[in-house]
Amino acid sequence: MGLVTTVIITIILILIVSVATGYLTKAAADMKVGNDPNQIKAHSILTGAATFGWISVVLLLIAGFVFVFYGAETAGVGLSTASLIALGFICIVFFVNGVLAMFAAIYMKKGVNFSENSGPYTICVWVAVLFLGTTGLLVLYELYKIYRKHVEKQNHIKAMSIEYKNQQELKVLKATYK
């Protein structure tokens, strides 16, 4: 799991954010808002989630172009660090948009004219599941990377101690046969 894998995962996640934010925008546009305070609140949350999502996509794309054209070293960080920062930001975006989509769905369900908003409700539920599920997978992925790094370090230490032990035994053998 090297840098290439992290960069590919980051690109895929940016695409997921873009598509899911497009669906949130569609849900906000298709939602029927009456005088019901729950529908008004759901629409406000949904619009906020879509706006936050699009701003995040633009920021991620700008950061990507800066790192591609000017190099991560220009910004004072390595590509690995930049990729981890992007993954962290995407994880935050996924979590925030997932929670916002979930709350929008809850308020839509409480609304008086829920039957008119069943399409946007379904979109909100699917986007919330996608975002929150992916957030969980990202956290598990990062924990796995930490675990693998720990195991590799332990294996390296074990190999070094075996080599040191072999060198000590070799010295003893050389001293014995002199």
Kindly indicate whether any position in segment 32-43 is among the aliphatic types (A, V, I, L, M), farther than 21 Å from residue 135 by Cα, out of contact with any strand residue (DSSP E or B) (no Cβ under 7 Å at 6 or more places or on another chain) and not in a helix (DSSP H, G or I).
yes
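Might you check whether a residue that is farther than 19 Å from residue 13 by Cβ and touching a residue at least 40 places away in the same chain (Cβ under 8 Å) occurs anywhere in segment 150-158? Break it down into steps so the answer makes sense when it comes.
Filtering segment 150-158 down to residues farther than 19 Å from residue 13 by Cβ leaves 150-158.
Pick out the ones that are also touching a residue at least 40 places away in the same chain (Cβ under 8 Å) and you get none.
No, segment 150-158 contains no residue that is farther than 19 Å from residue 13 by Cβ and touching a residue at least 40 places away in the same chain (Cβ under 8 Å).
Can you tell me which residue is nearest to residue 65 (Cα to Cα) among those in segment 27-42 that are out of contact with any Pro (no Cβ under 8 Å at 6 or more places or on another chain) and touching a residue at least 60 places away in the same chain (Cβ under 8 Å)? Spell out the reasoning first.
Within segment 27-42, the subset out of contact with any Pro (no Cβ under 8 Å at 6 or more places or on another chain) is 29, 32-42.
Those still in the list that are touching a residue at least 60 places away in the same chain (Cβ under 8 Å) too: 32, 34, 36, 38-39, 41-42.
Working: 32: 38, 34: 42, 36: 44, 38: 40, 39: 39, 41: 36, 42: 35 Å.
Within segment 27-42, the match that is nearest to residue 65 (Cα to Cα) is 42.
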With the requirement that a residue be touching a residue at least 24 places away in the same chain (Cβ under 8 Å) and either under 16 Å from residue 128 (Cβ atoms) or among the small types (Gly, Ala, Ser) (or both), what does segment 44-58 give you?
45, 46, 48, 49, 50, 52, 53, 56
Take the conditions under 21 Å from residue 95 (Cα atoms), under 17 Å from the mean Cα position of the chain (by Cα) and at pLDDT below 90 and apply them to residue 7. Does it pass?
yes
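The values are calculated or read from the model by the stated rules, or taken from the named source; none is laboratory data. The structure displayed is predicted, hence computed values, not measured ones. Because the Cβ atoms are built from the backbone with ideal geometry, glycine has one as well, and the counts that use them run over all protein chains shown.
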